[in-house]
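**Q** Following this message is one structure expressed as structure tokens.
Every number in this text was worked out from the coordinates using simple rules, so none of it is lab data. This is a predicted model, so every value here is computed, not measured. Cβ coordinates were reconstructed from backbone atoms using ideal geometry, including for glycine residues, and neighbour counts include every protein chain displayed.
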Amino acid sequence: AQSVTQLDSHVSVSEGTPVLLRCNYSSSYSPSLFWYVQHPNKGLQLLLKYTSAATLVKGINGFEAEFKKSETSFHLTKPSAHMSDAAEYFCVVSAGEGNTPLVFGKGTRLSVIA
Amino acid sequence: KAGVTQTPRYLIKTRGQQVTLSCSPISGHRSVSWYQQTPGQGLQFLFEYFSETQRNKGNFPGRFSGRQFSNSRSEMNVSTLELGDSALYLCASSLATSYNEQFFGPGTRLTVL
């Protein structure tokens with residue numbers, strides 16, 4: 001079975017400062033991992049994905065995440081927050097084999113203060 | 001290429017009624033998944049369809065059902081609506097398997113009064 005835990009339900013940063021959204025996962029298989037973003041009243045958009053290639057994954061809008069197997073973590077980072085980054089972020093795990101559905105974390109709401 | 005579209009975007013129903021939501025996937029995508037999103041439970045998987053067959057099902061009562069047509073368009077139906085069914089219902093499509101990258105629609109906001 002697989003699961004994902006987002007360690008913070010809400011993160012608040014000042015514009016221009018770094019962003020760190022934390023995610024730990026559990027999977028019986030080599031997982032695929034994703035980060036999605038959801039802006040208010042919108043659907044989810046894929047930020048980046050890890051599928052057993054490079055452990056440092058670069059995504060859209062300056063975000064990146066590092067897969068650390070020893071720590072079972074997949075934290076999302078961005079060097080400098082922008083007001084437009086304020087949204088809900090979801091860490092997602094897939095078993096990566098078979099047709100098992102994606103498992104979503106509870107989400108982290110990112111607030112960016114001017 | 002057009003994205004995933006969902007209709008209607010907003011819906012208000014009363015308890016006991018039934019509702020049908022529609023999802024048109026990205027052209028060429030054969031897998032369609034449905035999710036329920038609520039503030040308390042977050043994103044929960046409802047079911048996935050692939051080539052007109054339900055391939056996976058989440059832990060929801062039988063009042064929630066779905067189907068997929070030969071053109072990959074999908075519908076979900078909720079019968080005997082309850083207040084707790086109020087939620088944002090999201091549809092996502094992907095090329096083949098559900099662990100591929102999923103592309104999400106904007107959702108249908110269902111309010112049950």
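**Q** So how far, in whole Å, is the C-alpha centre of segment B:1-62 from the one of segment A:54-114?
**A** Spelled out, the Cα-based centre of one part sits 23 Å from the other.
**Q** Given springs between every Cα pair under 10 Å in a Gaussian network model of chain B, which of B:94, B:51, B:70 has the largest fluctuation?
**A** Fluctuation is largest for B:70.
**Q** Counting partner chain Cβ atoms within 10 Å of every residue's Cβ in A:67-79, what's the average?
**A** 0
**Q** Sorting check: for B:57-69, B:77-89, which peptide has the highest mean count of neighbouring beta carbons within 10 Å, and how do the rest follow?
**A** With the highest mean Cβ count within 10 Å placed first, the list reads B:77-89, B:57-69.
**Q** Please grab the % of Cα pairs in segment B:1-72 that end up more than 16 Å from each other.
**A** Taking all Cα-Cα pairs of segment B:1-72, the fraction more than 16 Å apart is 57 percent.
**Q** Which distance in nm do the two modelled labels at residue A:26 and residue B:73 give, with both placed 7 Å along the Cα-to-Cβ direction?
**A** The modelled label-to-label distance comes out at 4.2 nm.
**Q** Using Cα springs under 10 Å in a Gaussian network model of chain A, which residue among A:71, A:15, A:88 shows the largest mean-square fluctuation?
**A** Greatest mean-square fluctuation among the candidates belongs to A:71.
**Q** Can I ask one more? Pick out, from B:24, B:47, A:89, the residue whose Cα sits farthest towards the positive end of the charge dipole of the protein assembly as shown, with +1 on the Cβ of Lys and Arg and -1 on the Cβ of Asp and Glu.
**A** Farthest towards the positive pole: B:24.
**Q** Over 20 Å between Cα atoms, which of A:42/A:69; A:42/A:106; A:58/A:78; A:42/B:57 qualify?
**A** With Cα atoms farther than 20 Å apart: A:42/A:69; A:42/B:57.
**Q** Sticking with this structure for a sec: To the nearest 20 debye, what is the magnitude of the charge dipole of the protein assembly as shown about its Cα centre, counting +1 on the Cβ of each Lys and Arg and -1 on the Cβ of each Asp and Glu?
**A** In debye, rounded to 20, the protein assembly as shown gives about 400.
**Q** How long are the three semi-axes of the equivalent ellipsoid of the protein assembly as shown, in whole Å, if each is the root of 5 times an eigenvalue of the C-alpha gyration tensor, listed from largest down?
**A** That gives 29, 21, 16 Å for the three semi-axes.
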